[in-house]
There are 2 protein chains.
Amino acid sequence: METQGKLTDRECAELDAHWRALNYLAAGQLYLRGNPLLREELRPEHVKPRLLGHWGTCPGLALVHTHLNRVISARDLDALCVWGPGHGAPAVLAGSWLEGTFGERWPDVGRDEAGMTRLFEQFSFPGGLPSHTAPEVPGSIQEGGELGYSLAHAYGAALDNPDLLAVCVIGDGEAETGPLAASWHANKFLDPVHDGAVLPVLHLNGYKIANPTVLARLPEEELDALLRGYGHEPLWVTAEPDTPPHRVHRALAAALDEALERITAARRAARAGGGAGRPHWPVLVLRTPKGWTGPRELDGEPVEDTWRSHQIPLAGVREDPERLRALERWLRSYRPDELFDEHGGPRPEVLACVPRGDRRLGANPHADGGRLRRSLPLPGPEAFAVPVERPGASSHEPTRVLGGMLRRILEDTEGRRDFRVVAPDEAESNHLGEVFAVTDRAWQGETLPTDRHTGPHGRVMEVLSEHLCEGWLEGYTLTGRHGLFSSYEGFAPIVASMVTQHAKWLQSARQVPWRAPVPGLNLLLTSHAWRQDHNGFSHQDPGFVDHVLNKSPDVVRVYLPPDTNTLLCVADHVLRTTDTVNVVVAGKQSCFDWLGPQEARAHCARGAGIWEWAGTERPEREPDVVLACAGDVPAQETLAAAALLREHLPELAVRVVNVVDLARLMPRSAHPHGLADAEFEAVFTRDRPVVFAYHGYPWLIHRLAHRTGVHDRFHVRGYRESGATTTPFDMVLRNDLDRYRLAMDVIDRVPGLAARAAGVRQRMQDVRHRHHDWVREHGTDLPEVADWSWPGS
Amino acid sequence: METQGKLTDRECAELDAHWRALNYLAAGQLYLRGNPLLREELRPEHVKPRLLGHWGTCPGLALVHTHLNRVISARDLDALCVWGPGHGAPAVLAGSWLEGTFGERWPDVGRDEAGMTRLFEQFSFPGGLPSHTAPEVPGSIQEGGELGYSLAHAYGAALDNPDLLAVCVIGDGEAETGPLAASWHANKFLDPVHDGAVLPVLHLNGYKIANPTVLARLPEEELDALLRGYGHEPLWVTAEPDTPPHRVHRALAAALDEALERITAARRAARAGGGAGRPHWPVLVLRTPKGWTGPRELDGEPVEDTWRSHQIPLAGVREDPERLRALERWLRSYRPDELFDEHGGPRPEVLACVPRGDRRLGANPHADGGRLRRSLPLPGPEAFAVPVERPGASSHEPTRVLGGMLRRILEDTEGRRDFRVVAPDEAESNHLGEVFAVTDRAWQGETLPTDRHTGPHGRVMEVLSEHLCEGWLEGYTLTGRHGLFSSYEGFAPIVASMVTQHAKWLQSARQVPWRAPVPGLNLLLTSHAWRQDHNGFSHQDPGFVDHVLNKSPDVVRVYLPPDTNTLLCVADHVLRTTDTVNVVVAGKQSCFDWLGPQEARAHCARGAGIWEWAGTERPEREPDVVLACAGDVPAQETLAAAALLREHLPELAVRVVNVVDLARLMPRSAHPHGLADAEFEAVFTRDRPVVFAYHGYPWLIHRLAHRTGVHDRFHVRGYRESGATTTPFDMVLRNDLDRYRLAMDVIDRVPGLAARAAGVRQRMQDVRHRHHDWVREHGTDLPEVADWSWPGS
């Protein structure tokens, strides 16, 4: 290939011109609102009134962008880049503008003087773009605000994209985070046959906001050992402040060529068959001075190559003529006249390295993954639905049955390879093991005869890191593919902040006209709070739902299917959605079947509805009370309470309501799934007391059902942070979510009932006390609870 | 030292007896409810009806426990051990029982047959202990349920405990998590002069629940490189299923001796002065078969050394006589008759290696850190309070002033070294930089002339990992010392789940009679949602408060001081608390001073109160409306709204209320800081409309203020997930938290006011529209907003 080996002087000059242009454009975004081409002397009014943004990492990112352009062009690579360093947006935006993709996506920011002015003005300006990559940035697939997820995103993008190269620039700040540190081992899960390649570029920028970085200060042999320990072969490129740029260009070009040759060789070996083993993929270590090419010093203090260049290296330029001159000298050091023509467009030599069309980093279709999305071939819930002779007559483990459906989807996408299941070593524990009938867990490590279902081409991803699981799936869906992440409910909050960032990305992306919708992010929370019999208190946290419901209602959906068939319907639904975060809470333990296949579909379509068969309503009048529930354990306790009331207070008109889609409780004005007031009243009545048994923290129901006149008549039971190593019924009892307590709540809340039902109420309370003693003696639930089943209608 | 070099045969036999005893006791906890000493043939009724628990990691942990006992005894070490492997509690409980500490703490579980029976029975039994280390376990300092935090906890324990050895057993499952992966680099922050040592023991157990582990399947040279890359010198001990135990004992004893010699040498070199540089601390790599010494196989499938030994290796033993015999053979393989005397107590040779008194792992006082806690020498808020001539006449950056107070505490604890400040590279950014006047950032890496305030003995801990910061501080406070973690508010959810685990620990620990209270965990959330001018949407998440307030009210406190002096009072208060998680939300940007030193103290003591000077109440009657606020930006907007109302509707009686301590809103029955109904009414009136401006997601206020008759008259404004790169006032405007909107809310909600004040209302709405246009044109706030100040009373 012509550009391999040494760069010609001309190539070197062209790369340098491109790099200088990016640096100029990046600095311009930080400072300028006028005179963008420095056609005249810089005056205070050309400078933004408020200087916001970050310079420190920009020159390094610009350098990577320039050199990626070269190799993409030369090798016709299908490549995207994940820009990890938090505050490098000016360099990335500069690259996008220069290659033309920014102007194509945002037509008023084209490649001329007016467009350059707008590019500069909008940065860190109200209504403009933030200081890190965001959905508005062409070619970006990650919300760059919170650090830690770049490498996991890159691996997610590479999975099942055999021809893709996902470059990932990792800042030495981000490298200190836990999620990033865990992500290095993702190379043990990357299949060189079916997956693309990931090329990490560890950018040793030297300083964070105010501190040196850990990795930049390691002795070189220690960092080398670390990267080899991660399974990589390091290639080193180092620039000091005084290194002539052409030397760096030559070194970086050679290192990139070498890395790409090794990737090609590893792929070729793996795809030729014959068990080449796990490749030791290259990693590029790029050491450049922080704020390189920026001001060397200020007021006698060094700036370049120090933490002082992190944000605005020269402040107060509008006020201080000396500093204004220093800024102008700095900007002119890039020689803008050589870079841009009389209209402000880039000169041809600046663009010599830029790839064409969709090969440009801002245009790669994988980075606007919705463009590549194909709907999944879904078998539909009926194909796996369990027959239900009558409500409560049989039991199934909901997630086990779901496992069958996932298996089918994996089978039906075997050729397309656009569906993955991820879990933190919990797929089997969460009873989804049937997927292993058709695929393995992805595993490139050593395999022993005692292993089960691990193999190099598997499509289930299991690693004991919720962060890595979530990051993989985010990267996979952002590039247009589908998946499901199953986790213990109690540990889902580990990724609360990651999911926030993804939800914010989706919320913003929905406003970006050129972004196509991407598949929903599906989280199955199972092994939930109510059945942690031996793990106890530490494994009980149903608060993830509260966390996500604080995020945009345009994006977030939460489902609590009460049984097996409803779980199938919900799963079928969420796998069809786009631009959503779908949280599904469902148990893995044996659970009564309440609804048959048709009933389940109808009930899930409504999202919330009356279970007539469970209540004792008379057609001619409003019920006396509504027993409502959301979640599988609450549904069981609610039905048991309804059965108790039917038996002991047969004259009471009880309505039983189940809510699958939590957002249905909200007003329509607050969430697209919300119920209009009239619909809400049709289910929950206008004024009757509602005893609501909820799976999680009870106040969430009050919040969602927040409507005039609702608050004081809703009485909600749920998890209230009382947990232990104990039995299933003891758990609901401790939290006042048990059937007896719910029935007692009804007695307490239906006007006039308390006196009449005092004896019944006392007997219920007696059972609760009896259970309390029994469980401590026998370690099991009272037989009358353990053996309970729905008496039928 | 006599035990160095080779073990004698007798020592080896004694260690083996101890190890067998632990294994026996661990297996006994999984299976037995009777016949604990196998005095008779095992019958089904001796076996627990429900087999819950985990065997796989126990033999390895037991081996470590045995050998730690030896070296602690031989070297008179002051040592504690953090047991990372999630499900190893039976081995740890066995060790504690055997050394006698369990029975000393829990007198009905003494070292006799009855005590052994109770030890077995209570495990994974209702009311008993879970399958991982918990506060009830003597010697434990971490809630072992959620994986990832062991190594950070060990480092936190070692800080400022120069004679302590913190051993940390890291499971190869946990090692895959992000927080653990990040924690390896904590050795760059450990001061060999003032801090203790951390000895990581990487336990390669081979399998997780169902998967092989990444680290166990690395080629040995790759793992070796990885650990060297982390800055450690690895020592290897490997046991195969067929390795005779005595060989493993000898190898492990030699490796431990070698490790301890190296630690002693490193300490000595550092403490002799002369710049020995960062030590390359030893790490022990211990490879043992999962479920070692347990059943070899079952039904023709291998069990030992596979994932099948993760939980209960032999199930169905009550039902299947064959399996019952297999269980008995397994248990008898430890030769219990040789281990326990006729009363069920351990024989002397079993206890030969066990240290005495407080040297026992279950008795080390650092592991019950409250016993070592000393109250901080606190200067009091007045020493740093800013003078306030009249409300709003001056401004300060609250966290900057707090920095002065933290500096003083660091000075006053310089000799004691029991106070640390931690932050993810944000102490300076969060305006706490004054601390660096008296101490450095802890840093053992290379130092350059351009560094500022980094040094080997610094007491500020900065690393770009919220997980590591939180883990350090947890370990530090659990061992009885004090600290403060400052973080960007938006990224605090990164550690949501960690904080949950700590809160659960504290909640449980409060019920453990022998545990002394430990210092509160103090989280300062700053750089908050309302002032992310250039970071924008991704940096805006005020939901951490919602998350923690779902946890136990006995433990969790949340404060939102509205200005500088109140922040000082709150900080002074939280640093005096024990067994709490204190969340303080305060801005770093310039903020009006509302309260003088005395007023601030009185106001914070009340937690919520009326600001008479700000309102227009008449003494003779109830106000027409209450304008309430919590948080600094809401306080400013609320006061500006009050000023608008005073100017434009002077006849309106407005009460202004500020809430510092969010829990004051709760009923006294729900939180110890809650207000009784009469107190609540004295502040918020009985029936007047309340317009509440809150810093975070608005529904939290509804939840906290959940009392009869309150819901519908509280109208709450707050952050509603509308953010961008924009100006401060545009942020409040977008979220309807601005002064004009609050004043309009008053007009809309005070009966009869709407018609009368229609003109005023319209003018307010006009300003809002004008601002909307202005900010998009100028990038700044409207001058009348930007230049606003409180007009005084």
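Residues of A:490-502, mean number of Cβ from any other protein chain within 10 Å of their own Cβ, rounded to a whole number?
Working: counts 5, 7, 1, 11, 13, 5, 10, 12, 2, 1, 10, 6, 0.
If you average over the peptide's residues, the count of other-chain Cβ atoms is 6.
Put a dot 7 Å past the Cα of B:TRP613, heading toward its Cβ, do the same for B:LEU372, and the two dots end up 4.6 nm apart. Compactness of segment B:607-786 was expressed as the Cα radius of gyration divided by 2.2 N^0.38 Å, which yields 1.03.
Compactness ratio of segment A:376-591: Cα Rg over 2.2 N^0.38 Å, N = residue count?
Working: Rg = 16.8 Å, N = 216, 2.2 N^0.38 = 17.0 Å.
Dividing the Cα radius of gyration by 2.2 N^0.38 Å gives 0.99.
Sorted from closest to farthest, the other copies place their B:GLN511 label points 4.7 nm away, with each point set 7 Å from Cα along Cα→Cβ.
Taking the three principal axes of the alpha carbon atoms in chain B, the coordinate ranges are 94, 64, 43 Å, sorted in descending order.
Which is farthest toward the positive dipole end of the protein assembly as shown among B:CYS569, B:ALA663, B:HIS310, measuring Cα position about the Cα centre, with Cβ charges +1 (Lys, Arg) and -1 (Asp, Glu)? Going by the charge dipole, the pick is B:ALA663. Ranked by the mean number of other Cβ atoms within 10 Å of their residues, highest first, the peptides A:605-614, B:11-20, B:360-369, B:56-65 come out as B:56-65, B:360-369, B:11-20, A:605-614.
Here the Debye sum runs over all C-alpha atoms of segment B:10-364 as equal scatterers in vacuum, and log10 of I(q)/I(0) at q = 0.15 Å⁻¹ comes out as -1.28.
Please arrange A:ARG325, B:ARG262 by counting, for each residue, the other beta carbons lying within 10 Å of its beta carbon, fewest first.
Ordered from fewest to most neighbouring Cβ atoms within 10 Å, A:ARG325, B:ARG262 come out as A:ARG325, B:ARG262.
Determine the shielding of peptide A:710-716 by partner chains: average, over its residues, the number of Cβ atoms on other chains within 10 angstrom of each Cβ.
On the way: counts 2, 7, 7, 0, 0, 0, 0.
Whole-number average of other-chain Cβ neighbours for A:710-716 is 2.
Looking at the square roots a ≥ b ≥ c of the eigenvalues of the Cα gyration tensor of segment B:635-681, which shape do they give, rounded for a/c under 1.5, prolate if a/b is larger than b/c, or oblate? Oblate is the answer for segment B:635-681, as a/c is 1.5 or above yet b/c matches or exceeds a/b. Considering only A:ALA272, A:ALA251, A:LEU284, and ranking their Cα positions along the charge dipole of segment A:242-308 that arises from unit charges at the beta-carbon of Lys, Arg, Asp and Glu, the one farthest toward the positive end is A:ALA272. Overall dimensions of the protein assembly as shown, expressed as equivalent-ellipsoid semi-axes from the Cα gyration tensor (√(5λ), whole Å, largest first), are 48, 43, 34. For segment B:778-793, the residues whose backbone nitrogen is under 19 Å from a point 7 Å from the Cα of B:ARG770, taken along Cα to Cβ, are B:778-791. Looking at the protein assembly as shown, the DSSP beta bridges with both ends there are about 15 percent antiparallel. Whole Å is fine, so just give me how far the alpha carbon centre of segment B:691-734 lies from that of segment A:258-300. So the separation of the two Cα centres works out to 48 Å. Each Lys or Arg adds one and each Asp or Glu subtracts one; over the other residues with Cβ under 12 Å from the Cβ of B:TRP472, this totals -3.
Taking label points 7 Å from Cα along the Cα-to-Cβ direction, A:THR447 and B:ALA670 give a separation of 5.5 nm. Around the Cα centre of segment B:10-364, unit charges on the Cβ atoms of Lys, Arg, Asp and Glu (plus for the first two, minus for the last two) sum to a dipole of about 240 debye.
Think of segment A:9-366 as having a plus end and a minus end, set by charges on the Cβ of Lys, Arg, Asp and Glu; of A:GLY100, A:PRO135, A:ALA239, A:PRO135 sits farthest toward the positive end of this dipole.
Along its principal axes, segment A:368-464 has C-alpha extents of 49, 41, 21 angstrom, given from the largest down. Of A:LYS588/B:LYS208; B:LYS551/B:LYS588; B:LYS208/B:LYS551, which sit over 25 Å apart, Cα to Cα? Check vs 25 Å cut-off fails for B:LYS551/B:LYS588; B:LYS208/B:LYS551.
Order A:725-731, A:93-99 from most to least packed using the mean count of other Cβ atoms within 10 Å.
Details: A:725-731: 23.6, A:93-99: 28.4.
Going by the mean number of other Cβ atoms within 10 Å, highest first, we get A:93-99, A:725-731.
Across peptide B:774-787, how many C-beta atoms of other chains are within 10 Å of each residue C-beta, on average?
Averaged over the peptide's residues, the number is 2.
Segment A:210-257: D in µm²/s via Stokes-Einstein (Kirkwood Rh, Cα pairs, 25 °C, 0.890 mPa s)? Once the numbers are plugged in, D ends up at 197 µm²/s. Put a plus charge on the Cβ of each Lys and Arg, a minus charge on the Cβ of each Asp and Glu, and nothing anywhere else: the dipole of the protein assembly as shown about its Cα centre is then about 1480 debye. Charging the Cβ of each Asp and Glu at -1 and of each Lys and Arg at +1, and nothing else, the dipole of segment A:329-383 about its Cα centre rounds to 140 debye.
For the residue pair A:ALA602 and B:HIS778, what label-to-label distance in nm results when each label sits 7 Å from Cα along the Cα-to-beta-carbon direction? Between A:ALA602 and B:HIS778, the simple spin-label model gives 6.2 nm.
If you take every residue apart from A:VAL401 with its C-beta less than 14 Å away from the C-beta of A:VAL401, what net charge results, scoring Lys and Arg +1 and Asp and Glu -1?
Details: positive: A:ARG400, A:ARG407, A:ARG408, A:LYS588; negative: A:GLU382, A:GLU397, A:GLU434, A:ASP563, A:ASP572, A:ASP593, A:ASP632.
Spelling it out: positives minus negatives among the neighbours equals -3.
A simple rule links phi to the HN-Hα coupling: the Karplus curve 6.51 cos²θ - 1.76 cosθ + 1.60 with θ = phi - 60°, which for segment B:445-462 gives x, 4, 10, 10, x, 7, 5, 10, 6, 10, x, x, 10, x, 10, 9, 10, 10 Hz, with x for Gly and Pro.
How large is the helix-only mean residue ellipticity at 222 nm for chain B, computed as the sum of -39500 (n - 2.57) over DSSP H runs with n ≥ 4, divided by its residue count, in deg cm²/dmol to the nearest 500?
Details: 25 runs with 282 residues, N = 793.
Helix-only estimate at 222 nm: -11000 deg cm²/dmol.
Considering only DSSP beta bridges whose two residues both sit in chain A, what percent are antiparallel, to the nearest 5?
Details: 12 of 75 bridges.
Taking every DSSP beta bridge within chain A, about 15 percent pair in antiparallel fashion.
Taken over the alpha carbons of segment A:191-301 as equal point scatterers, the Debye sum produces base-10 log I(q)/I(0) values at 0.21 Å⁻¹ of -1.16.
Need one number: the % of Cα-Cα pairs in segment A:54-170 sitting beyond the 24 Å mark. Walk me through the numbers on the way to the answer.
Numbers: 1618 of 6786 pairs.
The proportion of pairs with Cα distances above 24 Å equals 24 percent.
A short reminder: the numbers here are calculations on the coordinates, not readings from a lab. Bear in mind that the values here come from a model prediction, so they are computed numbers and not experimental data. Please note: Cβ atoms are built from the backbone with ideal geometry, for glycine as well, and neighbour counts cover all protein chains shown.
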